[in-house]
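Worksheet for the structure shown next.
The values are calculated or read from the model by the stated rules, or taken from the named source; none is laboratory data. The structure displayed is predicted, hence computed values, not measured ones. Here Cβ is always computed from backbone atoms with ideal geometry, including for glycine, and neighbour counts include all displayed protein chains.
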Amino acid sequence: MSGELSGEFWNSVVKEMIDGYLSMKKQVKDALLTSGYPPFTYPLSPREQYDKLLAMKDSGDPGYWNDPRAQAELLKLAARFGAPQLGAGGPYGTPSQAAPLATLRATQDSARLGSPPGFGG
């Protein structure tokens, strides 16, 4: 039997709250990513994207190897900037370059430390 404080009533309240939360979460996420990148970050230039993707590939990062979009983007950028130099073998025989790794580390450090004074930091 269904009463005012029955399990059926509270189950419907909980379901409505969860549905509302999930809907609001999606709306906020969509609003924050309207520009195509998260707030308080800056989009990478095509060369920076190329260097970062190349460093991810060379380091065996699953973010590159498990994402077909990242692999396709690297191929597209490689056609623009040229294929990486072969020679110093990285993991699994892939080329390894110090400059992209340094760029990636610098990007990670700047993200951790925040923007410099004068840029809202």
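Just a few scattered comments:
Matching residues to (1) surrounded by 10 or more Cβ atoms within 10 Å (Cβ to Cβ); (2) at pLDDT 55 or above; (3) hydroxyl-bearing (Ser, Thr, Tyr); (4) in contact with a helix residue (DSSP H, G or I) (Cβ under 6 Å, 6 or more places away or on another chain):
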{"position": "Lys29", "(1), (2), (3), (4)": "yes, yes, no, no"}
{"position": "Gly60", "(1), (2), (3), (4)": "yes, yes, no, yes"}
{"position": "Trp65", "(1), (2), (3), (4)": "yes, yes, no, no"}
{"position": "Arg69", "(1), (2), (3), (4)": "no, yes, no, no"}
{"position": "Pro91", "(1), (2), (3), (4)": "yes, no, no, no"}
{"position": "Ala98", "(1), (2), (3), (4)": "yes, no, no, no"}
{"position": "Arg105", "(1), (2), (3), (4)": "yes, yes, no, no"}
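- Tabulated pairs, the stretch 73-84, first farther than 11 Å from Leu53 by Cα, second assigned to a helix (DSSP H, G or I), C-beta under 7 angstrom, 6+ apart or interchain: Arg80/Pro46; Phe81/Arg47; Phe81/Tyr50; Pro84/Leu54
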